[in-house]
Ligand SMILES: [Ca+2]
Ligand SMILES: [Ca+2]
Ligand SMILES: [Ca+2]
Ligand SMILES: [Ca+2]
């Protein structure tokens, strides 16, 4: 990089101005930056960019200090020095698009309600406070420049839907990839389980951290939670695989499926109480749950990019017996759906 400069523009209602960088020598060597443009230099995170390379590669690509190729979404089409098109994702919280609740009315019109949640990768519905209305738990989405620490959101339901007045966001997670709701200690109150990124603070064992927020009459609080680690965990789901009335927690690694029927609050090592089911080591494992054989008990499907498809049929007293193997079916996603001709069938999509 022979010369770089950071430009910002006043950004509509944003707390911080947007940061932009050009890696081409638009200013020309030796030209004082202040004489080039009237736009304001307002970049908090220039330190993240200044070690970039790829000189003269274009206005919108650079290699950041961590070695990743990144793009800068700035387009000056007529080269007059003023931005014509700006795509601000990864540079501010505008990447957080609020989830939308949709309902189809009697007249078949779709009604949309934007929820007071900053953005989410996953929503799970459950009656957390046992008032008869479904509540929604949201897993926060990644937004590029922000710290991996974020918060789960809960929107409590009622006859008026999920209004902002009953929406909370106070349960901390760290690089959360997935969430599930299950009463893991069997006390009658649903607990929220989050699969986080690798351990991030002292006192945590190495590996991905599973955090359980215990439910109760007074709701959820960040200090009433339990962490344990499971190195390599890549997915989690909750479903009642043994038809005992309690959802079981399923965690996936590339060589193992773990099924938790219960987690005691004072358990020394919750992972040791799970059933460990070795699976052939494979890449890109995926986990799906549904009732494939129509016996009203949830079943478990594990697919992978380079292995076979495994079907664990749930059954009473044994939440995950020896799997059936569908040889040669490489599936990075599996969907369970209902065909008109066969009561229940499994489909998979490989890519
Ligand atoms: Ca409720
Ligand atoms: Ca519970
Ligand atoms: Ca169960
Ligand atoms: Ca079944």
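Rule-based calculations on the coordinates, nothing more; no lab input. Keep in mind it's a predicted model, so treat the numbers as computed, not measured. Using ideal geometry, Cβ is built from the backbone for each residue, glycine included, and neighbour counts are taken over all protein chains shown.
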Prolate/oblate/rounded call for the range 125-211, Cα gyration tensor, a/c under 1.5 rounded
oblate
Rounded, prolate or oblate: which fits the range 163-236 when a ≥ b ≥ c are the square roots of the eigenvalues of the alpha-carbon gyration tensor, with rounded for a/c under 1.5 and prolate only if a/b beats b/c?
prolate
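For the ranges 127-139, 100-112, what's the packing order if you count other beta-carbon atoms within 10 Å of each residue, average per peptide, and put the highest first?
127-139, 100-112
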Quick note on 209, 97, 297, ordering by fewest other C-beta atoms within 10 Å, gives 97, 297, 209
Compute the length gained on full extension between residue 121 and residue 243: take 0.36 nm times their separation in residues and subtract their Cα-Cα distance, giving the result in nm to one decimal.
41.0 nm
Rounded Å value of the spacing that divides the Cα centres of the range 195-241 and the range 153-187:
14
Quick one: grab the alpha carbon gyration tensor of the range 187-287, order the square roots of its eigenvalues as a ≥ b ≥ c, and give me rounded if a/c is under 1.5, else prolate or oblate depending on whether a/b is larger than b/c.
oblate
Place the peptides 152-159, 287-294, 191-198 in order of packing, highest mean first, counting for every residue the other Cβ atoms within 10 Å and averaging per peptide.
191-198, 152-159, 287-294
